Amino acid sequence: MKRPIVLLTDFGEGSIFVGEMKGSILKINPEATIVDLTNRIRPHDISQAAFLLKYSFRYFPENSIFLCVVDPEVGSKRRPIAIRTKNYFFVGPDNGLMYPAASEDGIICAVLLENRKYFLERVSSTFHGRDVFAPVAAHISKGVAIEDFGPKVNSIKELSIEEPKLDSEGYLVLKVMYVDDFGNVITNLNEKYFTELISREGFIESPTILLEAGSNVHKVKLVKCYSEVEENSPLALFDSFGLLEISVNKGNASKYFSLKEGDSIRVKFQNL
Amino acid sequence: MKRPIVLLTDFGEGSIFVGEMKGSILKINPEATIVDLTNRIRPHDISQAAFLLKYSFRYFPENSIFLCVVDPEVGSKRRPIAIRTKNYFFVGPDNGLMYPAASEDGIICAVLLENRKYFLERVSSTFHGRDVFAPVAAHISKGVAIEDFGPKVNSIKELSIEEPKLDSEGYLVLKVMYVDDFGNVITNLNEKYFTELISREGFIESPTILLEAGSNVHKVKLVKCYSEVEENSPLALFDSFGLLEISVNKGNASKYFSLKEGDSIRVKFQNL
Amino acid sequence: MKRPIVLLTDFGEGSIFVGEMKGSILKINPEATIVDLTNRIRPHDISQAAFLLKYSFRYFPENSIFLCVVDPEVGSKRRPIAIRTKNYFFVGPDNGLMYPAASEDGIICAVLLENRKYFLERVSSTFHGRDVFAPVAAHISKGVAIEDFGPKVNSIKELSIEEPKLDSEGYLVLKVMYVDDFGNVITNLNEKYFTELISREGFIESPTILLEAGSNVHKVKLVKCYSEVEENSPLALFDSFGLLEISVNKGNASKYFSLKEGDSIRVKFQNL
């Protein structure tokens, strides 16, 4: 059974470091299938990587190996680990990045990467992506059992994706988790949370959203697809991540609402 | 016979959405060969994608599957289709993008993508690239006949690449179709059109070009390769697309002439 | 034995020209393994490409074929060549780019690419990457011997990577060779040179570095990994290239020190 290796890093798309990691993999497994999830994680932003991995890992085939390198503590005492979950493998630093996805899939075991025979011969102190994690992923893709890399660890570092909060004025406080290349603004409000909310609070299925971004308040329609509103008009929908996304039909919502990753917005739902 | 899958999207290079589409493909065909034509189409710019596909599809092997996702109307009533041409397959929304390339190669048949057993189980309303088109392309790469995806359609949406026009002052009005990463300015004047023009109008083979960009008029030599003129000097040539390209040797023509995609320029050929 | 093809170009990441080159390769060898080292070389910057190739080729498997296309003289009289070294192949224009890596690995022979049966049928004058070099690399990946491409050449163009210089005030003058996506500033001082210097000059192993960038002088600690200093504090270390790198922990050294590729900096080592 083929085990593709999926890269998730903050090295920058098309970075030579991504190229070197692929070299490292092919040196060990010339038949490896390598695919980039994305290498455009914001530098050092473990939370963004954790968020994107949690919402995309399930689109990859069973037995995929997620090679996750957002690793600002590289070379220090943070632990290099590999995780076996119900359907996947995860390899990277134990800094929380892999936790939301791995725990959602169901962690079977995690090991400390200690067996140096699976690393490059010379391990730098600044690039374990190339020297430790890529070689380990390549060995897993060839069928090496994760127990062979080192001793089991009892627990791994946890990290939780920020959840929406209800404030005293009845607004939901959301966080901008990701802005895509179209300028779509992706929040942390998932459809399940929303469905429970509308049934509990008695909203209709497609309420209007009162959206407060910065000092401005906007009325935005909750729709099913972008082209339901006029061109250059704002809208909201539950997107392909299953998350509330603020968008502008054929436009750029990030610019329209002056919103960027990490910003907070407040929303309230209305029946009219 | 191997059928590589070639991606052409406006998701942005290295976008996580491109990564997810590749996951979708590998889930269905772990042996698929996947290659990016480019994912840097301007957001929503169907015409640019159609232009670039028309001028590059022939460099790919027979039976390649072009997975074309510039899809601003995703989730609405625009039709998802697959096309079989003489040498290739094309999969994407029926919005004109695939028409110039497919019709040039010779359309054999086109089908509506209707058979849900070839889609992801859960189809979002905003990302048919991942949920419909990538799975269909993956199934084609495994040998599924396109008739299996749904009923034949009698016609597909046409789109024509803008042609040069001759204006009343004897100038050819050209459109800037693409600016590459060097700043080379690629127009819609193809070599065949030019060859007919020079034989009809009695120009020598390497005339001087009078080029009007904005309010400035420039004299530019028509040459065969960039280094025929001095460094930082402007030039024009018929490039690897077979199109008239305005360039600056080791410089940036887009900046030099203040030209960007979509701009019009006027040119006139002179024997001196 | 599998021979992966490794791309190194200045076409821009995700450029359609990179896509076309991959099409050209797959047309000849549908089973080729293709991997991007990087396509983000500064336009026309042969030296930067030569530098990055020299410091990364060894991370790729034996028999890798480096397809190196930074080729401002394309279509002129510069020679297209292929090189066989002790462990690798190199294909590209004879402009010095491949020399530092190839000579370090040990050149066995070099040939002029002359046999047109290995090129695309129609060779443009502006894109030998697609029409000459990619097809030749594809044929090498299928096992064609490099002698089949054309006659041996007695010598190839040499290019040397700039070395640090000691100035009259006892400072080492270094060049900024590369700034990565984190803003790390990578210089041309390699660890071996430094080790000889400290033993000769009697420095301790982790001296302080007096760093002169522009008109400012900074004191920077030489450490082993980024997180040894406080967040947003500057540091220096020998990085994964084995080169002196100026960095800021979780920050951007290029901005912090106002340094960009091509700049000179002066450094002096002190025991305190």
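Of all residues in region A:126-155, those that are surrounded by fewer than 22 Cβ atoms within 10 Å (Cβ to Cβ), among the acidic types (Asp, Glu) and in contact with a Phe, Trp or Tyr (Cβ under 9 Å, 6 or more places away or on another chain) total 1.
Filtering region A:156-172 to residues that are surrounded by 15 or more Cβ atoms within 10 Å (Cβ to Cβ) and either touching a helix residue (DSSP H, G or I) at 6+ places or on another chain (Cβ under 9 Å) or modelled with pLDDT of 95 or more (or both) leaves A:Ile156, A:Lys157, A:Leu159, A:Ile161, A:Pro164, A:Leu172. Restricted to region A:67-84, and to residues there that are within 15 Å of the chain's Cα centre (by Cα) and within 13 Å of chain C (Cβ to nearest Cβ), the residue that is farthest from C:Gly251 (Cα to Cα) is A:Val69. Of the numbered criteria (1) within 19 Å of C:Asn252 (Cβ to Cβ); (2) more than 8 Å from every other protein chain (Cβ to nearest Cβ); (3) aromatic (Phe, Trp, Tyr), the one A:Phe51 fails is (1). Of all residues in region A:252-271, those that are free of Cβ contacts under 8 Å to residues at least 60 places away in the same chain have Cβ atoms under 8 Å from Cβ atoms of residues that are in a loop (DSSP other than H, G, I, E, B), 6 or more apart or on another chain, in A:Ser258/A:Gly214. With respect to the conditions (1) assigned to a strand (DSSP E or B); (2) open to solvent by 30 Å² or more (accessible area, probe 1.4 Å); (3) more than 14 Å from B:Val153 (Cβ to Cβ), B:Val123 falls short on a single one, namely (1). Among the residues that make up region A:136-155, is at least one of them within 14 Å of another protein chain (Cβ to nearest Cβ), assigned to a strand (DSSP E or B) and out of contact with any helix residue (DSSP H, G or I) (no Cβ under 6 Å at 6 or more places or on another chain)? No; the residues of region A:136-155 include none that is within 14 Å of another protein chain (Cβ to nearest Cβ), assigned to a strand (DSSP E or B) and out of contact with any helix residue (DSSP H, G or I) (no Cβ under 6 Å at 6 or more places or on another chain). May I ask you to say which residue of A:Ile5, A:Ile25, A:Ile46 is closer than 18 Å to A:Lys157 by Cα, touching a residue at least 40 places away in the same chain (Cβ under 8 Å) and either within 12 Å of chain C (Cβ to nearest Cβ) or touching a Leu at 6+ places or on another chain (Cβ under 7 Å) (or both)? Every option except A:Ile46 fails the conditions.
On the basis of being of a type outside the set (Gly, Ala, Ser), open to solvent by less than 40 Å² (accessible area, probe 1.4 Å) and touching a Cys at 6+ places or on another chain (Cβ under 8 Å), does A:Met177 make the cut? Criteria not met by A:Met177.
Within region B:218-272, the residues that satisfy the criterion of being over 20 Å from B:Lys175 (Cα atoms) and acidic (Asp, Glu) are B:Glu228, B:Glu230, B:Glu231.
Based on what the data block shows, is C:Glu114 open to solvent by 40 Å² or more (accessible area, probe 1.4 Å), more than 14 Å from every other protein chain (Cβ to nearest Cβ) and in a loop (DSSP other than H, G, I, E, B)? Taking the combined requirement at face value, the residue satisfies it. For region A:241-264, a residue qualifies if it is among the basic types (Lys, Arg), in a loop (DSSP other than H, G, I, E, B) and either within 14 Å of chain B (Cβ to nearest Cβ) or more than 21 Å from A:Leu52 (Cβ to Cβ) (or both), and exactly one does: A:Lys250.
The values are calculated or read from the model by the stated rules, or taken from the named source; none is laboratory data. None of these values were measured; they are calculated from a predicted model. When we count neighbours, we look across all protein chains shown, and the Cβ atoms used for this are built from the backbone with ideal geometry, even at glycine. To get the accessible areas, we keep the full protein, side chains included, count just its heavy atoms, and leave off ligands, DNA and RNA. Shrake-Rupley method; radii C 1.70, N 1.55, O 1.52, S 1.80 Å.
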